[in-house]
Amino acid sequence: MPDPKNINLRRYDDGTPSIMRKATVYTDLHFYRKSDVLVQLTKAFCERFLPKHGDRTVDQMVQAARSVKQNIAEGLTDGQTSFETEIKLMGIAKGSNQELLEDYQDYLKQHGLNDWAKAGHMRQRYDKLLAFCRTHNDLADYAPLFPHMTDEEMANTAISLCHIVDKTMTSFMAKRDREFVEEGGVRERMTAARLDMRDTQKQIIAQLEQENAALKARIEALERENAALRGERKL
């Protein structure tokens, strides 16, 4: 358990400690932005290549893609006050991402298409695709390509994005895990904040006592000076 005195607390402008962690701007994170691409790519893929009625795969894939994005957003928002909630929701996002990955891999198998990461003769094309996905994070980079891509190209793009999202989320969660071990959860931060306030109050009291003692000494000195002046006047 972390020592509450060693927990680094944020502070309000008046110096009061806050139990909340610094907010994570999830929209700046590459894996969140790529998850947004996955949602729109999956919708476009299903619209073009899967039956519009009678196939539950469409709903499953779209919902899995949305689950990745939404649970990242909710987890990192709730994580400002709760490590536990953040880790739980990020875990759900990782599970949904794996589900979506397998749906795309299954599609390629069922339609006799190439999974470029596994097909040796597609290695050069896969490397080029992977490089593109690593360096492009926003829907604006991908959306213009959707109408012109084959199902094999779209599926492999989605698979590449899923792999990248999984890897970067795993690294992010490992970092969060270390932070939890070092800082604890909201209970530990509440204890740290109370101890901090208690120490602050003690410091204020000690400072006031010092100021009070200094004022008393000054008053006594002035009284002595006044007494001396009165004695001189009598003489």
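The values are calculated or read from the model by the stated rules, or taken from the named source; none is laboratory data. This structure is a prediction, so every number in the text was calculated from the model and none was measured. So basically every Cβ, Gly included, is an ideal-geometry build from the backbone, and we count neighbours across all protein chains shown. Please note that ligands, DNA and RNA were not included when accessible areas were found on the heavy atoms of the full protein model with its side chains. Shrake-Rupley method; radii C 1.70, N 1.55, O 1.52, S 1.80 Å.
Key figures
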read-out	value
Residue, least open to solvent (accessible area, probe 1.4 Å), within region 111-129, restricted to residues that are of a type outside the set (A, V, I, L, M, F, W, C) and assigned to a helix (DSSP H, G or I)	Tyr126
Neighbours by Cβ (under 7 Å, 6+ apart or cross-chain): first from region 43-57, closer than 22 Å to His148 by Cβ; second modelled with pLDDT of 95 or more and of a type in the set (Asp, Glu)	Phe49/Asp151
Tally, over region 33-72, of residues that are of a type outside the set (Gly, Ala, Ser), under 24 Å from Glu86 (Cα atoms) and in contact with a helix residue (DSSP H, G or I) (Cβ under 6 Å, 6 or more places away or on another chain)	12
Where Lys5 falls short, out of the listed (1) in a helix (DSSP H, G or I); (2) at pLDDT 70 or above; (3) open to solvent by 60 Å² or more (accessible area, probe 1.4 Å)	(2)
Which numbered condition Glu152 fails, given (1) over 20 Å from Val68 (Cβ atoms); (2) open to solvent by less than 40 Å² (accessible area, probe 1.4 Å); (3) not in a helix (DSSP H, G or I)	(3)
For Phe132: the one exception among (1) aromatic (Phe, Trp, Tyr); (2) open to solvent by 50 Å² or more (accessible area, probe 1.4 Å); (3) under 20 Å from Thr27 (Cβ atoms)	(3)
Criterion: modelled with pLDDT of 95 or more and either under 29 Å from the mean Cα position of the chain (by Cα) or not aromatic (Phe, Trp, Tyr) (or both) - qualifying residue of His121, His163	His163
Every residue from region 100-110 that is loosely packed, with under 14 Cβ neighbours inside 10 Å and more than 32 Å from the chain's Cα centre (by Cα)	Lys109, Gln110
Filter result (of a type in the set (A, V, I, L, M, F, W, C) and in a helix (DSSP H, G or I)) within region 21-38	Phe31, Val37, Leu38
Some residue of region 115-126 being hydrophobic (A, V, I, L, M, F, W, C) and free of Cβ contacts under 8 Å to residues at least 12 places away in the same chain	yes
Any chance Gln105 is more than 26 Å from Val181 (Cα to Cα), among the polar types (S, T, N, Q) and touching a residue at least 24 places away in the same chain (Cβ under 8 Å)	yes
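This table checks each residue for (1) open to solvent by less than 40 Å² (accessible area, probe 1.4 Å); (2) closer than 15 Å to Cys162 by Cα; (3) part of a helix (DSSP H, G or I).
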| position | (1), (2), (3) |
| --- | --- |
| Val62 | yes, yes, yes |
| Val68 | yes, yes, yes |
| Ala73 | yes, no, yes |
| Thr77 | no, no, yes |
| Thr81 | no, no, no |
| Glu84 | no, no, yes |
| Lys94 | no, yes, yes |
